[in-house]
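Colleague: A single structure is presented below for examination.
What follows draws every value from the coordinates through simple rules; no lab data is involved. Here the structure is a predicted model, which means the values were calculated and not measured. Here the Cβ positions follow ideal geometry from the backbone for every residue, glycine too, while neighbour counts run over all protein chains shown.
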Amino acid sequence: MKVGRAVRACAAALIVIVLSGCTSVVTGQASPAPLAEQAAGPTTADPMPAPEVSDGTIAEAHRIAGATVQPEFVFSELDNSCLPTFPVVSPENLEFTIFAEGTAAATYKTYGFVAGWVSCRNEVDGPRSAIAFAAEMSDPDSAAVAAEELAADFVDMNGSERVEVPGFEGLPAVSSTDVVNGEDKVTLEVLQPVGRMLAYLYYTDSQLDRAQEAVAELLEEQRQLLGDFEPTPQAEIADVEPDPYDLAGRTAAPPGEPDLFTGSFDLPGYLHLSIDPRVEAELLPENDFVGLYNRSSYDEATNANYQFQTYELGSSAQADAVLAEFTRIEQQEFTDRVIFTLPEDPTIPCYYIPATQEGGQTYQRCYSRVGPYLGLTDVSAVTDPADIAAVSGYVQEQIGLMGAP
């Protein structure tokens, strides 16, 4: 189980919650790249080693989420959440998830990779898909040199060919073509250094020229986002505030080890893990969204997944308005959900999603509201949907924390 509100991820009936960046929609051709981007970049760099991974590293990855382009905000057709979508705190996590084995981890490590965020969107019926990965590197020269080395590795190891993206001719870009189910599939990969940040965009379509035009729009949006982002100096990463909205103390702690989604999210970061990012990008600001704290974990001893969240809105009425819209969205998204109630308070909205295979775990979700705080309690731990003891207990704990002075 991952963070956010809900996207069914795989046959194991995990729920992947997805939040998304609040980006503006770009239409038409991308603007020409500035001269600095068109000119030849540095050929050498003197990177600083990345700081040790800490709670600050995870918090920085969550910050980067808001600076990562959300493909659905550029192309509304890319409205299906997919993997990979997660925070990255180690270059070793990049392969078998974002990149093929042996093509990326060593380069990112060499050039001082600190943290990053990757987001994926595709269309359900069609060839188009997009992955955006924003990484914080040691320094601007390291980001630029890493971009060139990665593109060269894609050519050497993947058999890709060098191409150009209109308006962004100075960026390293490669393409490859495969035949999938009798149809051509064109894959376009582009590296975009912006200061210390390095963006990687992966895009598939059935036609190269159309893919190049689409990637140009994504690159323009990504450049603007990274241009507005201030990466934390490496020496200060360990001190990045993990709970800027002071909501951790109002969020119940689940069993098991916290995963990398555990922590705070601002609105742009949260939207990468939302069910309907375009709707929620308007809904939450309209109701004075302050921030979100998420705790999610996997309990290896019981093979159970948990996710507990606290949203802070402007008032109790605004929290109720957000809950009403979340309910509407989830009614449309999860047509197989089954409503149930808790004996402690039948007014608390709860539902479960049946297991996808016999003997599998049932996914249970409840919402609770205290004042301006909206709580979400997700439990995937039992095979009998009538067994609500655990989820009921966690809901009561969440209510108590949200109502604390």
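Colleague: For residue 239 and residue 328, compute 0.36 nm times the residue count separating them, minus their Cα-Cα distance, and round to one decimal in nm.
Modeller: Working: separation 89, 0.36 × 89 = 32.04 nm, distance 3.94 nm.
Extra length available between residue 239 and residue 328 comes to 28.1 nm.
Colleague: How high is the relative contact order of the chain, in percent, with contacts defined as C-alpha pairs under 8 Å that are six or more residues apart? Each step should come with its number before you reach the end.
Modeller: On the way: 979 pairs, mean separation 71.3, N = 405.
So the answer I get is 18 percent.
Colleague: Take the eigenvalues of the Cα gyration tensor for the chain, scale each by 5, and report the square roots as semi-axes in whole Å, largest first.
Modeller: On the way: eigenvalues 281, 103, 77 Å².
Three semi-axes, in Å: 37, 23, 20.
Colleague: Against the longest principal axis of the chain, how steep is helix 55-65, in degrees 0 to 90 to the nearest 10, with axes from Cα atoms?
Modeller: Once rounded, one gets 70 degrees.
Colleague: Hey, if you drop one equal point scatterer on each alpha-carbon of the stretch 169-279 and run the Debye formula without solvent, what base-10 log of I(q)/I(0) do you get at q = 0.09, 0.19, 0.21 Å⁻¹?
Modeller: -0.41, -1.12, -1.21
Colleague: If exposed GluC sites (Glu not before Pro) are those in a DSSP loop with at most 10 other Cβ within 10 Å, what is the longest stretch of the chain that has none? Numbers along the way, then the final one.
Modeller: Details: sites that count: 52, 101, 300, 358.
Result, exposed sites excluded: 102-299.
Colleague: Taking 7 Å along the Cα-to-C-beta vector as the label spot, tell me the residue 184-residue 77 distance in nanometres, rounded to one decimal.
Modeller: 1.6
Colleague: Still on this model: Return the equivalent ellipsoid semi-axes of the stretch 46-238 as a descending list in whole Å, where each equals the square root of 5 times an eigenvalue of the C-alpha gyration tensor. Walk me through the numbers on the way to the answer.
Modeller: Working: eigenvalues 139, 61, 46 Å².
Equivalent ellipsoid of the stretch 46-238: 26, 17, 15 Å, largest first.
Colleague: Still on this structure, I have one more. Tell me what the chain gives for mean residue ellipticity at 222 nm when only DSSP H runs of n ≥ 4 count, each as -39,500 (n - 2.57), the sum divided by the residue total, rounded to 500 deg cm²/dmol. Let's see the in-between values first.
Modeller: On the way: 10 runs with 111 residues, N = 405.
Taken over the chain, the calculation gives -8500 deg cm²/dmol.
Colleague: Compactness ratio of the stretch 275-402: Cα Rg over 2.2 N^0.38 Å, N = residue count? If you can, show how the numbers build up before the last one.
Modeller: Working: Rg = 14.7 Å, N = 128, 2.2 N^0.38 = 13.9 Å.
Here the answer is 1.06, to two decimals.
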